[in-house]
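Laboratory data are not the source of any read-out in this text; all were calculated from the coordinates shown. Note that the coordinates shown come from a computational prediction; the quantities given were computed from them, not determined experimentally. In this analysis, Cβ positions are derived from the backbone assuming ideal geometry, glycine residues included, and neighbour counts consider all displayed protein chains.
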Amino acid sequence: MLDINPILLAVTIIVFLILIAVLNSWLYRPLFAYMEKRDADIKNDLNEAGSTDDDVAALKAEAQSIINEAKRTVSELREKVIADARDLANSKIDAKRAELADKYSEFETSLSEEREQIKVALLSQMPLYKEAVKAKFSQI
């Protein structure tokens, strides 16, 4: 029935061991080396992605600080321009007030001169008015 042949058994074990040694050197070691390299590459890529996220966060923070600085500068410039415009407007208002005060004083002077001229003219015409009033009273 079943006969075990020791020579055939020994040859089969030797062929099996040779096959395992050949498969180990040609298939398993390169396959394990490739898998380890792939795992290392994945870890490296994940680390680079993490550092890229850190870089992106740093760049966003830097951009935000630049934007904040620009807003502050614009605010300062706006305040300066508004203050300059206010000073210019106030100086123009003061100049116009001074000009109007001069014109008012000239007007008062000319008005008083004109009043004096009218007064002199009325006083010079006073005898005529007296005679006209006397003539009216005499007619009544």
Subject >> About the Cα centre, charge dipole magnitude for the chain (Lys/Arg +1, Asp/Glu -1 at Cβ), debye >> reply: 1060
**OP:** Would you please give the FRET efficiency between residue 8 and residue 33, computed as 1/(1 + (r/R0)^6) with r the Cβ-Cβ distance and R0 = 30 Å, to the nearest 0.05?
**Re:** 0.25
Original post:
Of 63, 51, 26, which is farthest on the positive side of the dipole of the chain, counting Cα position, with +1 on Lys and Arg Cβ, -1 on Asp and Glu Cβ, and the Cα centre as origin?
Top reply: 63
Original post:
Once the Cα atoms of helix 29-139 and of the chain are each reduced to a long axis, what angle between those two axes, in degrees from 0 to 90 to the nearest 10, is obtained?
Top reply: 0
Original post:
Beyond 13 Å, what share of the Cα-Cα pairs of the range 41-109 remains, rounded to the nearest whole percent?
Top reply: 78
**OP:** Taking the chain as the reference, fit the longest principal axis to its C-alpha atoms, fit the long axis of helix 6-23 to the helix C-alpha atoms, and give the angle between the two in degrees, 0 to 90, nearest 10.
**Re:** 20
Subject >> Kirkwood Rh and Cα Rg combined as Rg/Rh, the range 1-75 >> reply: 1.69
Original post:
Mean 1/r over all different Cα pairs, inverted: what Kirkwood radius does the range 16-140 give, in Å?
Top reply: 26.2
